[in-house]
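Q: Here it is, the structure in full.
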Protein chains: 2
Amino acid sequence: MPLPETEIPGRLQAELMARGLRMTRQRRTILSVVETAKQHLDATQILRKAHKIDPGIDRVTVYRTLNLLKRHGLVDELDLMHLEGEKHYYERHPQRDHIHMACLRCGKITEFESDLFDRLKGQIQRECQFHIVVSRLEVGGYCSQCRSATPA
Amino acid sequence: MPLPETEIPGRLQAELMARGLRMTRQRRTILSVVETAKQHLDATQILRKAHKIDPGIDRVTVYRTLNLLKRHGLVDELDLMHLEGEKHYYERHPQRDHIHMACLRCGKITEFESDLFDRLKGQIQRECQFHIVVSRLEVGGYCSQCRSATPA
DNA sequence: TTAGTTGCAAAGATTTTGCTAACAA
DNA sequence: TTGTTAGCAAAATCTTTGCAACTAA
């Protein structure tokens, strides 16, 4: 069963301010784009959406803000198995880590949560004495639809 | 306990030839570099090592050969949590998948195999009806040495 | 012979840096 | 006021493409 949707509007903004960081008009715009994204966005897509709110925002500001969010652990950077080029995708750091599955045929990205994943991370921390800050599990393969579909 | 070292010299070359691909002097060189690597190498490092064997090899040929190996599932592409830039690292596809742990302080990369990881992939295949072709689990954090070390 | 491969040059894609003006606190 | 941030331009980094010459099978 899915987690309850605990979307807190402006959470990113609140977290950044709680850390004493300056809240500029541009940052507010970019944060709102990331926060309300319904899918994984790369830097260019974030810039495009930000432009619709504030056409003056520069691409560099998007990169700088994403780096800021990354450093503070507020967003996760994904590669999604490099399905289309080397761009990176961003999503708000979830309350519970999930796995990203990328279909090599149709490109669909599916997310999956698992107790086994949580236990695996626990095992790593214990047996390797490694303190995990961030983790990323991505798998590439064929989704159920593409497995049963006729060959391309 | 570690797996037995079943290093088969020339395995990459044998696998490519078994697939009916042409074996050129340049490919042989690049394959031997990848095969005998004692650590994760990026394209530039592979080129550098290949140059020591055959100074005429072009960077482009390295990229093309790596892409070939990737497409055939003979090497895995790693990001190692982008610890130093956006380069990719390559390793021969292991008999059993392992986890890469990247220390955010000292940069050390540690590998770890786990039954839980295997079970997790089994769960994904079963519950998501997703046929896994390639998987990548990377974690960033602090290794045991850096955890107990004095702050930088 | 001939389809596949290489090297070279150039382009492409993504991200970062340096600097001054503008701005949040 | 004062240290931070934004915008602009330029550079840096990594990777791919086009094409003629070369080569493995």
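The values are calculated or read from the model by the stated rules, or taken from the named source; none is laboratory data. In this text, all values refer to a predicted model and were calculated from it rather than measured experimentally. A quick note on method: Cβ atoms are made from the backbone with ideal geometry, for glycine too, and the neighbour counts reach across all protein chains shown.
Q: Looking at (1) within 11 Å of chain B (Cβ to nearest Cβ); (2) free of Cβ contacts under 8 Å to residues at least 24 places away in the same chain, which is the only condition A:G73 fails?
A: Failing condition for A:G73: (2).
Q: Something else about it: Applying the selection to the stretch A:92-113, what residues are closer than 19 Å to A:K70 by Cβ and within 12 Å of another protein chain (Cβ to nearest Cβ)?
A: Within the stretch A:92-113, A:D97, A:H98, A:H100 meet the criteria.
Q: Which of the following residues is within 13 Å of DNA strand D (Cβ to nearest atom) and within 14 Å of chain B (Cβ to nearest Cβ): A:L80, A:L47, A:L66? Before the answer, list the steps.
A: On the way: A:L80 fails: within 13 Å of DNA strand D (Cβ to nearest atom); A:L47 fails: within 14 Å of chain B (Cβ to nearest Cβ).
Selected residue: A:L66, the only one of A:L80, A:L47, A:L66 that is within 13 Å of DNA strand D (Cβ to nearest atom) and within 14 Å of chain B (Cβ to nearest Cβ).
Q: Could I ask something else about it? Condition test on B:Y63, is it among the aromatic types (F, W, Y) and within 16 Å of DNA strand C (Cβ to nearest atom)?
A: On the way: among the aromatic types (F, W, Y): yes; within 16 Å of DNA strand C (Cβ to nearest atom): yes.
Yes.
Q: Can you tell which of A:Q129, A:Q145 is more than 16 Å from DNA strand C (Cβ to nearest atom) and on the phi < 0 side of the Ramachandran plot? Full working, then the answer.
A: Values: A:Q129 fails: on the phi < 0 side of the Ramachandran plot.
Only one candidate qualifies: A:Q145.
Q: Answer yes if at least one residue in the stretch A:72-82 is over 27 Å from B:Q125 (Cα atoms), out of contact with any helix residue (DSSP H, G or I) (no Cβ under 6 Å at 6 or more places or on another chain) and in the same structural domain as A:R28 (by TED's automatic domain parsing), and no otherwise.
A: First pass over the stretch A:72-82, keeping only residues over 27 Å from B:Q125 (Cα atoms): A:72-75.
Going one step further and asking which of them are out of contact with any helix residue (DSSP H, G or I) (no Cβ under 6 Å at 6 or more places or on another chain), we end up with A:72-73.
Next, from what is left, pick out any that are in the same structural domain as A:R28 (by TED's automatic domain parsing): A:72-73.
Within the stretch A:72-82, one or more residues are over 27 Å from B:Q125 (Cα atoms), out of contact with any helix residue (DSSP H, G or I) (no Cβ under 6 Å at 6 or more places or on another chain) and in the same structural domain as A:R28 (by TED's automatic domain parsing).
Q: Can you confirm whether the stretch A:116-139 contains a residue that is more than 14 Å from the chain's Cα centre (by Cα), of a type in the set (K, R) and assigned to a loop (DSSP other than H, G, I, E, B)? Break it down into steps so the answer makes sense when it comes.
A: The first filter runs over the stretch A:116-139 and keeps only residues more than 14 Å from the chain's Cα centre (by Cα), leaving A:116-133, A:139.
Checking the rest, the ones that are also of a type in the set (K, R) come to A:119, A:121, A:126.
After this cut, where a residue has to be assigned to a loop (DSSP other than H, G, I, E, B) as well, the list is none.
No, because not a single residue in the stretch A:116-139 is more than 14 Å from the chain's Cα centre (by Cα), of a type in the set (K, R) and assigned to a loop (DSSP other than H, G, I, E, B).
Q: Which of the numbered conditions does B:D42 fail, given that it passes all the others? Conditions: (1) of a type outside the set (V, I, T); (2) within 16 Å of DNA strand C (Cβ to nearest atom); (3) closer than 29 Å to A:N67 by Cβ; (4) out of contact with any Phe, Trp or Tyr (no Cβ under 8 Å at 6 or more places or on another chain).
A: (4)
Q: Check A:L120, A:L116, A:L104 and return the single one that is modelled with pLDDT under 95 and either away from DNA strand D (no atom under 16 Å from the Cβ) or surrounded by fewer than 17 Cβ atoms within 10 Å (Cβ to Cβ) (or both).
A: On the way: A:L120 fails: modelled with pLDDT under 95; A:L116 fails: modelled with pLDDT under 95.
Only one candidate qualifies: A:L104.
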